[in-house]
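The values are calculated or read from the model by the stated rules, or taken from the named source; none is laboratory data. Since we're looking at a predicted model, the values are computed, not measured. All Cβ positions, glycine included, derive from the backbone under ideal geometry; neighbour counts span all protein chains shown. Heads up: the accessible areas ignore ligands, DNA and RNA and are worked out on the full protein's heavy atoms, side chains in. Shrake-Rupley method; radii C 1.70, N 1.55, O 1.52, S 1.80 Å.
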Amino acid sequence: MPRNLLYSLLSSHLSPHFSTSVTSAKVAVNGVQLHYQQTGEGDHAVLLLPGMLGSGETDFGPQLQNLDKKLFTVVAWDPRGYGHSRPPDRDFPADFFERDAKDAVDLMKALKFKKVSLLGWSDGGITALVAAAKYPSYIHKMVIWGANAYVTDEDSMIYEGIRDVSKWSERTRKPLEALYGSLTLSLGWNAMA
């Protein structure tokens with residue numbers, strides 16, 4: 001059977017939850033324009049929270065493409081000052097995790113979701129934990145990985161060792177340089193680290 005005919009037969013039976021359609025938009029939340037990507041049509045809303053300097057696109061591309069779109073409506077956001085949610089430039093006041101948690105919850109409310117689950121990576125995991133603590137009736141479930149509750153002396157030494165972004169692996173550095181540019185990436189990392 002010719003390859004194109006086989007593909008036509010198979011693809012005609014694929015269900016819509018394999019669609020890769022992702023929309024991208026911005027919405028005003030708490031005085032800033034927050035960028036988000038959305039896909040799926042399921043009743044279970046899931047918000048993807050990226051790590052430091054990350055965005056929905058850099059940290060969650062596979063999840064946006066592959067989570068079951070019949071079961072889930074998936075939203076990946078760029079926190080204020082990150083990714084396409086600029087301006088403003090990212091700042092780090094003492095309560096930035098609380099601010100990010102409020103922004104995340106208010107974004108999902110602006111998108112008309114009644115309750116959400118959170119998938120949080122690294123700083124996004126910390127933000128998800130804060131959101132669950134502050135807005136428990138709004139959070140359905142959570143998956144958190146790579147988050148920390150405090151910074152040890154060893155962590156501080158690790159941060160110092162990776163301060164120079166030019167020494168990061170190409171796999172880690174290139175997507176962020178494409179998003180921010182080399183100088184902005186370096187300045188943003190050093191503002192936090």
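Scanning the stretch 174-188 for residues that are under 13 Å from D89 (Cβ atoms) and either open to solvent by less than 40 Å² (accessible area, probe 1.4 Å) or within 17 Å of the chain's Cα centre (by Cα) (or both) yields Y180, G181, L185, G188.
Please go through the stretch 139-154 and pick out each residue that is outside any loop (DSSP other than H, G, I, E, B) and either aromatic (F, W, Y) or touching a residue at least 12 places away in the same chain (Cβ under 8 Å) (or both). Within the stretch 139-154, I139, H140, K141, M142, V143, I144, W145 meet the criteria. Kindly establish whether K102 is open to solvent by 50 Å² or more (accessible area, probe 1.4 Å), in a loop (DSSP other than H, G, I, E, B) and touching a residue at least 40 places away in the same chain (Cβ under 8 Å). Against the criterion (open to solvent by 50 Å² or more (accessible area, probe 1.4 Å), in a loop (DSSP other than H, G, I, E, B) and touching a residue at least 40 places away in the same chain (Cβ under 8 Å)), K102 does not qualify.
Figure legend. Inter-residue proximity from the stretch 60-75: first residues basic (K, R) and at pLDDT 95 or above, second residues open to solvent by 70 Å² or more (accessible area, probe 1.4 Å) and part of a helix (DSSP H, G or I), beta-carbon distance below 9 Å, spacing 6+ or different chains. Indicated pairs: K69/P16; K69/F18; K70/P16.
Closer than 30 Å to R163 by Cβ, modelled with pLDDT of 95 or more and surrounded by fewer than 20 Cβ atoms within 10 Å (Cβ to Cβ): does that describe V32? In short, yes. Which residues, taken from the stretch 59-77, are open to solvent by less than 50 Å² (accessible area, probe 1.4 Å), part of a helix (DSSP H, G or I) and touching a strand residue (DSSP E or B) at 6+ places or on another chain (Cβ under 8 Å)? Once the filter is applied, which keeps residues that are open to solvent by less than 50 Å² (accessible area, probe 1.4 Å), part of a helix (DSSP H, G or I) and touching a strand residue (DSSP E or B) at 6+ places or on another chain (Cβ under 8 Å), the stretch 59-77 yields D59, F60, L64. Just one of (1) surrounded by 17 or more Cβ atoms within 10 Å (Cβ to Cβ); (2) outside any helix (DSSP H, G or I); (3) touching a strand residue (DSSP E or B) at 6+ places or on another chain (Cβ under 6 Å); (4) not hydroxyl-bearing (S, T, Y) fails for M108. It is (2). Here D123 fulfils each of the conditions (1) free of Cβ contacts under 8 Å to residues at least 40 places away in the same chain; (2) within 23 Å of A178 (Cα to Cα); (3) of a type in the set (D, E, K, R) apart from (1). Among the numbered conditions (1) farther than 27 Å from G42 by Cα; (2) at pLDDT 95 or above, the only one that F92 does not meet is (2).
When the residues of the stretch 35-58 are filtered to those that are part of a loop (DSSP other than H, G, I, E, B) and open to solvent by 20 Å² or more (accessible area, probe 1.4 Å), which remaining residue is farthest from A147 (Cα to Cα)? Looking at the filtered set, the residue picked out is E41. In the stretch 78-96, of all residues being open to solvent by 10 Å² or more (accessible area, probe 1.4 Å) and acidic (D, E), the one that is farthest from G120 (Cα to Cα) corresponds to D89.
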